[in-house]
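See structure below.
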Amino acid sequence: MTTQLTPGRPTAVVLLRQELGEVLRELRTDQGRTLREVSAAANVSLGYLSEVERGAKEASSELLFAICAALGAPLSAVLASVAERVAAVEGRPAALVSVPAA
């Protein structure tokens, strides 16, 4: 999404909730799982999960943790993916993120 903050100077505006939602949706679809399956596993309503995936709602940290757990993905890995997307929009190389093994 691009918006005009200063006349003649377009600036990329990143909505974290949209980037996060896209990462979560990609994880779910790559696993071949439905919204219903993941929402049940995360103990969140199907409609709310759908809104999170579409970037319409911002998930609380507790809800985000539950969704990541339902997807079998570490929260740190999901956030690292979001950070890479944001860096790409900014036209900067993604910082190397090191997540210690559990």
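Miscellaneous remarks
- Checking each residue in the range 18-30 for being surrounded by fewer than 14 Cβ atoms within 10 Å (Cβ to Cβ) and polar (S, T, N, Q) picks out only T29.
- Pairs with Cβ under 7 Å, 6+ apart, first in the range 69-82 and at positive phi, second β-branched (V, I, T): none
- Qualifying residue in the range 55-69 (condition: modelled with pLDDT of 95 or more, out of contact with any helix residue (DSSP H, G or I) (no Cβ under 7 Å at 6 or more places or on another chain) and surrounded by 15 or more Cβ atoms within 10 Å (Cβ to Cβ)): yes
- Reported count of residues in the range 18-32, each being in contact (Cβ under 8 Å) with a residue 24 or more places away in the chain and assigned to a helix (DSSP H, G or I), is 10.
The values are calculated or read from the model by the stated rules, or taken from the named source; none is laboratory data. What you see is a predicted model; the values in this text were computed from it and never measured. Cβ atoms come from the backbone with ideal geometry, glycine included; neighbour counts cover every protein chain shown.
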